[in-house]
Amino acid sequence: MAEQLADLLTCPLCGFEFERADSLCGHGCPLGAACNLARCPVCEYEFPEKPASVSWLRRLLGKAEATPPAPCPGDGLLTVKDLSPGDLGEVLSLAGDSPSRRNNLAVFGLIPGSEVRLLQRYPSFVLRIGETVLALDGEVAGDIVVRRRP
Amino acid sequence: MISPFPAERRPSRSSESFRASAGRQPVSTVLLIGNPNVGKSLLFKNLTHRYVNVSNFPGTTVEVTRARSAFGAKDAEIVDSPGINDLSPRSDEARVTRALLEKSPGATVVQVADAKNLRRALLLTLQLAEMGRPMVLVLNMLDELRARGGRIDRAELSRVLGIPVVGAVALRNEGTGELVEALSQARPPHAWHGQAEPSTADEPYERNRERLARVNDILAATWSMSQPSHAPLSVRLGFWAMHPVKGLFFLLSVLFLTFWFVGLLGAGTLVDLLETGLFHQRVTPLAIRAADAVLPFPHVHETEAVELAVALPVTPIHEVGIFTSTRTVTSPAYHLSGKTGAGGEILRFVHDLLVGPYGAFTMALSYAFAIVLPIVTTFFLLFSLLEDSGYLPRMSILVNRIFKLMGLNGKAVLPMILGLGCDTMATMTTRILETRKERLVTTMLLALAVPCSAQLGVLLAMMASLSPGAAFAWLGLMVGVVLLVGWLSARAFPGEAGDFLLEIPPMRRPQLANVWIKTVGRLDWYLKEVIPLFVVGTLALFLLDRLHLLSALSRFGEPLVTGWLGLPKETSAAFLIGFLRRDFGAVYLLDAATGPNPLLTPHQIFVSMVTITLFMPCIANFLMIAREHSLKTAWAMAGFIFPFAFLVGGIVHHIGLWLNNWLTF
């Protein structure tokens, strides 16, 4: 999905970012399918793509590649995370950069303009939209921007 | 119930009779489509009188089920589908549903809706409307809507949408007749199209926003709700079950109830009654006498006094005695009383095969029926009750944070709990999880450390010969293994966990008829699946023993079993058969652990229990992993699980030895 689209190679020598398909490869290279080298189309520097076993080890040792922090809604805006149990809120927008998460929320009726009531915060957030009771974790709750209603 | 093997089941009459009836009238197809947990399968059952698995949580139906039904002069094929919230092909269920719609262009679509959640249902109605199929909308659970003070203007809704709208309470089979009548009036809904710009990443979301705006207009005209002044008990109970403090109390009560019902009543009282009272005191002596009459060779059976004490359990150490009875009966052990010729040897071979100490009657059947069956029955009964009550999804709220450590989210608790019934069925239910990573990790943990009810039965019987402390140590060790392996694999497998976003169904009083049908269905599956394997396994072991191959194989495994695990070499056979079915391997260990002069010390019982629990459940589970993922994945998991089981078993053994030495000094 979206994560795979962003799977760009970065040349370690000149810093040029390119897709796997743009890798500059000589014809008749004997390595064939066994090749895991990429060649930068700008400076022609040849470097190994990250081998699977290394990234496996890195994940195991906890040195996962840093993921960019999700854009958070600006100051002064409330999210469901900031409501207290019993509060009623009106959904203003769905933040976050994952379209599939937005759609997953929308199919439960969570769209701008809809009314939600926060039922509890711990151990997980529980919301009520109409007659649907929905459990979600803080990460998702932080993406739902709301305005408190009396 | 969900059968683990065929991809698409057709619980229908033979195809010949179809062709005969198809010649009379063209067969129409009716597709049942709707949001998750709205009662499509119940309606399917009402329309076809065929039972499919029905529960009170989203995601019960993971495959397409078809059956034929006759409405008056017309035959129709009814198709039950997995629940969907959205037709955009992002999830497997939506893809399955889209494929269904495309495969049968002439089909009538019956959309099943939860009347309480009309907004979400109408979102799907508008999506379906864009396909221009003849439709009927069924508003199910009208009783729950009324109980909550809601009203729907059905005539107005029908006018706005342009399709027949039928009310129903599928649980009580109300409204089925009305639906059948409405089927002939099905027509395509009024066309409605939004203006969202196509082919952007946010397109499905933007289009759903537009549809929801339209839905709100429809709702304003047709739907009203007046909140009752105080919530009914079931609603309040539902909130307690999610509460951080009351919910924990609730969880502990459910766990204790399960332990009492399955562990004490099932594994204690019922097993005593069946194993000692029925098999040991009556069936086995009868089988021995019958075999002796048919297969005469000079031998004399020993006799033993068998005492049956039936008691009602209160706690693990307190029980109320009901009655005891002692009978002196023939035991399978015998000595020869004369010379047996060549013919006599053959008779003796058959005799031992049937009623010898490791015979089909004396061992395989008595274990399958007397030890495993009571536990499987009590477990399935209680589990069906829990499933229908709507409690299970509430559990996932409580454990979400713990599961996050394992790269999973609270949703994964559903397959894990199902695994306590049958790991193979549970492996199939992992489909409710969103990402491949979650499905892999859950499948792995199921195969590794979640004992299925058959094995749980044998393990509980083994624990009876240990102290309660050892039982808790075993439980703690299994939970520890799940957390450790889960934590490690969360890091080792690539990918992300999906969002924890789970719809919580209302708590309902379980329908006893449904609970009963479900329990019987699962037992039926169990008997067909497990008992033949038990008998075949016993025969195989018996033959290996007679051909002296068993001792050769045992010698081969000796360094591992005797050296590393510190168990007597006779138990190699148990581990060997454990590769087929781990519960059957456990039966052999149980045999070595109990009896007048047990082969195993308590320390050894514990080590062998831990090792066999961590084995892969059975061949069927292996095949299911291969089907759901790939054969390579299945081999990789087996390649990790079996060595890991021996590793943990050995570590437990050596720590035990060390503790023992340390305590004696």
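Within segment B:558-571, the set of residues being within 33 Å of the chain's Cα centre (by Cα) and without any contact (Cβ under 8 Å) to a residue 24 or more places away in the chain comprises just one member, B:V561.
If only one of B:M609, B:M616 is touching a Phe, Trp or Tyr at 6+ places or on another chain (Cβ under 8 Å), touching a residue at least 60 places away in the same chain (Cβ under 8 Å) and not in a helix (DSSP H, G or I), which one is it?
B:M616
Residues in segment B:317-350 that are part of a strand (DSSP E or B), surrounded by 15 or more Cβ atoms within 10 Å (Cβ to Cβ) and of a type outside the set (V, I, T): B:E319, B:R327, B:S331, B:P332, B:Y334. Out of everything in segment A:121-132 that is in a strand (DSSP E or B) and either more than 7 Å from every other protein chain (Cβ to nearest Cβ) or modelled with pLDDT under 90 (or both), what residue ends up being surrounded by the fewest Cβ atoms within 10 Å (Cβ to Cβ)? Going through the qualifying residues, I end up with A:R128.
Does B:V245 qualify as being without any contact (Cβ under 8 Å) to a residue 60 or more places away in the chain and among the β-branched types (V, I, T)?
So B:V245 passes the test.
Looking only at segment A:9-29, residues that are under 28 Å from the mean Cα position of the chain (by Cα), assigned to a loop (DSSP other than H, G, I, E, B) and modelled with pLDDT under 75 come to 1 in all. Going by the structure shown, is B:F642 more than 24 Å from the chain's Cα centre (by Cα), surrounded by 14 or more Cβ atoms within 10 Å (Cβ to Cβ) and either hydroxyl-bearing (S, T, Y) or in a helix (DSSP H, G or I) (or both)? So B:F642 does not fit the description; no. Taking segment B:369-402 as the range and being closer than 30 Å to B:L590 by Cα and among the small types (G, A, S) as the test, the residues that pass are B:A370, B:S384. From the list B:P559, B:P506, B:P494, the one residue that fits, being in a loop (DSSP other than H, G, I, E, B) and modelled with pLDDT of 80 or more, is B:P506. Does segment B:282-297 contain at least one residue that is within 38 Å of the chain's Cα centre (by Cα), buried (at least 18 other Cβ atoms within 10 Å of the Cβ) and among the hydroxyl-bearing types (S, T, Y)? Within segment B:282-297, one or more residues are within 38 Å of the chain's Cα centre (by Cα), buried (at least 18 other Cβ atoms within 10 Å of the Cβ) and among the hydroxyl-bearing types (S, T, Y).
Test B:L365 against the stated conditions and say whether it is surrounded by fewer than 23 Cβ atoms within 10 Å (Cβ to Cβ) and modelled with pLDDT of 85 or more.
It is false that B:L365 is surrounded by fewer than 23 Cβ atoms within 10 Å (Cβ to Cβ) and modelled with pLDDT of 85 or more.
Here B:V109 clears all of (1) at pLDDT below 85; (2) more than 14 Å from chain A (Cβ to nearest Cβ) except the condition numbered (1). Taken over segment B:137-161, residues that are β-branched (V, I, T) and crowded, with 24+ Cβ neighbours inside 10 Å amount to 1. Every test in (1) out of contact with any Phe, Trp or Tyr (no Cβ under 6 Å at 6 or more places or on another chain); (2) within 14 Å of another protein chain (Cβ to nearest Cβ); (3) modelled with pLDDT of 85 or more is passed by B:D388 save one, and that test is (2). I need the full set of residues from segment B:162-191 which are closer than 20 Å to B:D75 by Cα, in contact with a strand residue (DSSP E or B) (Cβ under 8 Å, 6 or more places away or on another chain) and buried (at least 16 other Cβ atoms within 10 Å of the Cβ), in order please. Of everything in segment B:162-191, those that are closer than 20 Å to B:D75 by Cα, in contact with a strand residue (DSSP E or B) (Cβ under 8 Å, 6 or more places away or on another chain) and buried (at least 16 other Cβ atoms within 10 Å of the Cβ) turn out to be B:G175, B:L179, B:V180, B:A182, B:L183, B:A186. When B:L539, B:L550 are checked against the criterion of being modelled with pLDDT of 80 or more and under 20 Å from B:R348 (Cβ atoms), a single residue qualifies: B:L539. Among the candidates B:L502, B:L488, the residue that is touching a strand residue (DSSP E or B) at 6+ places or on another chain (Cβ under 7 Å), of a type outside the set (S, T, N, Q), within 14 Å of chain A (Cβ to nearest Cβ) and surrounded by 14 or more Cβ atoms within 10 Å (Cβ to Cβ) is uniquely B:L502.
Checked against the criterion of being within 28 Å of B:I417 (Cα to Cα) and touching a strand residue (DSSP E or B) at 6+ places or on another chain (Cβ under 8 Å), the candidates B:V329, B:V314 yield just one match: B:V314. Can B:F534 be described as under 19 Å from B:I612 (Cα atoms), assigned to a helix (DSSP H, G or I) and either polar (S, T, N, Q) or at pLDDT below 80 (or both)? Considered against the rule, which asks whether it is under 19 Å from B:I612 (Cα atoms), assigned to a helix (DSSP H, G or I) and either polar (S, T, N, Q) or at pLDDT below 80 (or both), B:F534 comes out as yes. Considered as a group, the residues in segment B:595-622 that are touching a Leu at 6+ places or on another chain (Cβ under 9 Å) and hydroxyl-bearing (S, T, Y) include one that is surrounded by the fewest Cβ atoms within 10 Å (Cβ to Cβ), and that residue is B:T613.
The values are calculated or read from the model by the stated rules, or taken from the named source; none is laboratory data. Quick caveat: nothing in here was measured; it's all calculated off a predicted structure. Note that each Cβ is placed from the backbone with ideal geometry, even for glycine, and that neighbours are counted across all protein chains shown.
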